[in-house]
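The values are calculated or read from the model by the stated rules, or taken from the named source; none is laboratory data. Since we're looking at a predicted model, the values are computed, not measured. Cβ: placed from backbone, ideal geometry, glycine included. Neighbour counts: every protein chain shown. Heads up: the accessible areas ignore ligands, DNA and RNA and are worked out on the full protein's heavy atoms, side chains in. Shrake-Rupley method; radii C 1.70, N 1.55, O 1.52, S 1.80 Å.
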Amino acid sequence: MTVDLLGRDTDVRTRLSSIRERPSSVRADAVERVVLVVASSRGGSSYVHAVLSSSPSAASIGGEHTGLYRLHGVERGADGSDRIESDSVRDDQVEDVAAEIADLLRVGPGGTALHPEVYARAAAVRLVLQWPWVPFAADDVRDASFRVHAAAAGAGLSDSDLFVRLLAELEATYPDLRRDAYDGLRDAGPGPASDGPHPPPGPAIVEEPPFVVPLRRRRPSLAELRRSVVVLKASVDAYRLPLVRRLFPRAEIAVVHLTRNPAASVNGLIDGWLDRGFFSYDVSAETTLDIAGYSERAAFARAWWNFDVPPTWRSVADRPLAEVCANQWSQAHRWVLKEVDAVADRLLRVRFENLTGPGADQEWDRVFRFAGLARADRSRIPVVMATASPRAGRWRGREALIRPAIAQAPVHEIVQELGYTKEEGWV
């Protein structure tokens, strides 16, 4: 189904088409090489995607494409999960999602100087995806962009700082905007305090929070796109690998299957469920969540699911939060292991621990070579989608909750298959 617009007459897709740059020669069928990062949620894929996307030979959309699925009615399967049989998705939906991805592809480093009107269009697209119930007027975003650029001339602002100023210009007209809903902007101005439970940013979700700050990167030419490697990442693709093949049927698809030890991953998922972001679906029409450690926090926590929705989600909707998260970790990898060989032209399995610990430089060299990407400077990539400062062994603070959850047979099977039976490498 199409995105629920809360009874408003304006359709999100119509609004997007009115503000985008046109015409464009960039088409999905011109994409020749795709690198797809697949992992469980909180497995480090946002960081790996950010590093690979920063390569000078990469093209990316700057965030996940989950919202683009939703925009064209590719949401949850018949069982309410993120698992969707590829042949159940219509050809026109596949073409529309692929076209949306192509339209958002950008190249070049962040911070590229853009004309205020070009920046306004790029920012407005993101704003409409992030706040679908807010009736943005394109002229308001355009005028705000010109004011911000005029005031910031020569200031050398980062992408985040520029966007904060744009939001500040828009907040008086659109008070629903919340800077704390954005990744990396939680301390950048008004918004709820960090303590206590916070509800979803609004009644409808297209792009899942925390929202992505638009980067000042430029649209590639058709020739550039053909030379570039398109880097994609969406956590739901763990359940939809055959659908990715349909999005880019002419491209070589190289899959980076990123794994992370179950304890750290489950701990990260628990953090996310208790965070102000990472809401995915209101499931109150189907069931009432009774997840100990989460649902008692607030009324919204009996309705809103977080992160991906595995096919087994109903079986844990009344289980403790650690079990819900262990189920999410194991199910995502179970489906990748089941389907990746039939979809990937090339496959590289990488441990997140090896990308962050001793010998990380050599491991990153291996990933960049596999991806066919020029090496990027990792030191310039900020921490992304983090709920707390990275720290080795942080999961041990919840060890009594996590160990029983990952010891359950369906979860332990994946622990063994991914080779995480020895804890020495768990970080």
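Leaving out ligands and nucleic acids, note down the accessible area per residue over the chain with a 1.4 angstrom probe, in whole Å².
Value for the chain: 41 Å² per residue.
State, to one decimal in nm, how far the label point of Glu117 lies from the label point of Arg27, with both points 7 Å from Cα in the Cβ direction.
For the pair Glu117/Arg27, the computed spacing is 2.7 nm.
Length gain on complete extension for the stretch Asp79 to Ala292, per 0.36 nm per residue less the alpha carbon to alpha carbon distance?
Stretched fully, the Asp79-Ala292 segment lengthens by 74.4 nm.
Under a point spin-label approximation (7 Å from Cα along Cα-to-Cβ), what is the Asp139-Arg250 distance to one decimal in nm?
So the two model labels end up 4.1 nm from each other.
Per DSSP H run of n ≥ 4, the term is -39500 (n - 2.57); total these for the chain, divide by its residue number, and report the mean residue ellipticity at 222 nm rounded to 500 deg cm²/dmol.
Calculated mean residue ellipticity at 222 nm is -11500 deg cm²/dmol.
Compute the label zone of Arg20 within region 68-93: residues whose backbone N is under 20 Å from the point 7 Å along Cα-to-Cβ.
The answer is 68-75, 90-93, whose backbone nitrogens lie closer than 20 Å to the label point.
Quick one: with all protein chains in place, what share of the accessible area of the chain is carbon or sulfur, to the nearest percent (1.4 Å probe)?
Answer for the chain is 50 percent, counting heavy atoms of protein chains only.
Compute the distance in nm between two label points, each set 7 Å from the Cα along the Cα-to-Cβ direction, one at Ala168 and one at Ala409.
Between Ala168 and Ala409, the simple spin-label model gives 5.9 nm.
Work out the charge dipole of the chain with +1 on the Cβ of Lys and Arg and -1 on the Cβ of Asp and Glu about the Cα centre, then indicate which of Pro262, Val236, Val324 is farthest towards its positive end.
Final value for the positive-end residue is Pro262.
Taking only the alpha carbons of the chain, what extent do you get along each of the three principal axes, in Å, biggest first?
That gives 57, 48, 44 Å along the principal axes, largest extent first.
Can you compute 3J(HN,Hα) from phi for each residue in region 357-364, using the Karplus curve 6.51 cos²θ - 1.76 cosθ + 1.60 with θ = phi - 60°, rounded to whole Hz and x for Gly and Pro?
Residue by residue, region 357-364 yields x, x, x, 4, 4, 5, 5, 5 Hz.
Rg over Rh of region 120-170, using C-alpha atoms and the Kirkwood radius, what does it come to?
Ratio of gyration radius to Kirkwood radius for region 120-170: 0.97.
Amide H neighbours of Tyr182 under 5 Å, at least 5 residues apart or on other chains, H built in the peptide plane: list them.
It is Phe211, by chain and number.
In region 251-273, whose amide N lies under 16 Å from the spot 7 Å out along Cα-to-Cβ of Arg366? List them in ranges.
The answer is 255-261, whose backbone nitrogens lie closer than 16 Å to the label point.
What ranking, highest mean first, results for peptides 85-95, 104-114 when packing means the other Cβ atoms within 10 Å averaged over each residue?
Ranking the peptides 85-95, 104-114 by packing returns 104-114, 85-95.
Local charge sum around Glu252 (other residues, Cβ-Cβ under 12 Å, Lys/Arg +1, Asp/Glu -1)?
After counting each charged neighbour, the total is +2.
Could you work out the equivalent-ellipsoid semi-axes for region 281-383, taking the square root of 5 times each eigenvalue of the Cα gyration tensor, largest first, in whole Å?
So the equivalent ellipsoid measures 36, 18, 12 Å along its semi-axes.
For a protection proxy built on the mean count of beta-carbon atoms within 10 angstrom, sort 66-77, 407-418 highest first, please.
Descending packing order for the listed peptides: 66-77, 407-418.
What is the calculated FRET efficiency for Asp11 to Leu274, with r their C-beta to C-beta distance and R₀ = 41 Å, to the nearest 0.05?
Once the sixth-power term is evaluated, E becomes 0.75.
Please sort 120-132, 297-309, 170-182, 322-334 by packing, taking for each peptide the average over its residues of neighbouring beta carbons within 10 angstrom, highest first.
322-334, 120-132, 297-309, 170-182
State the antiparallel share, in %, of DSSP beta bridges confined to the chain, rounding to the nearest 5.
For the chain, the DSSP antiparallel bridge percentage is about 20.
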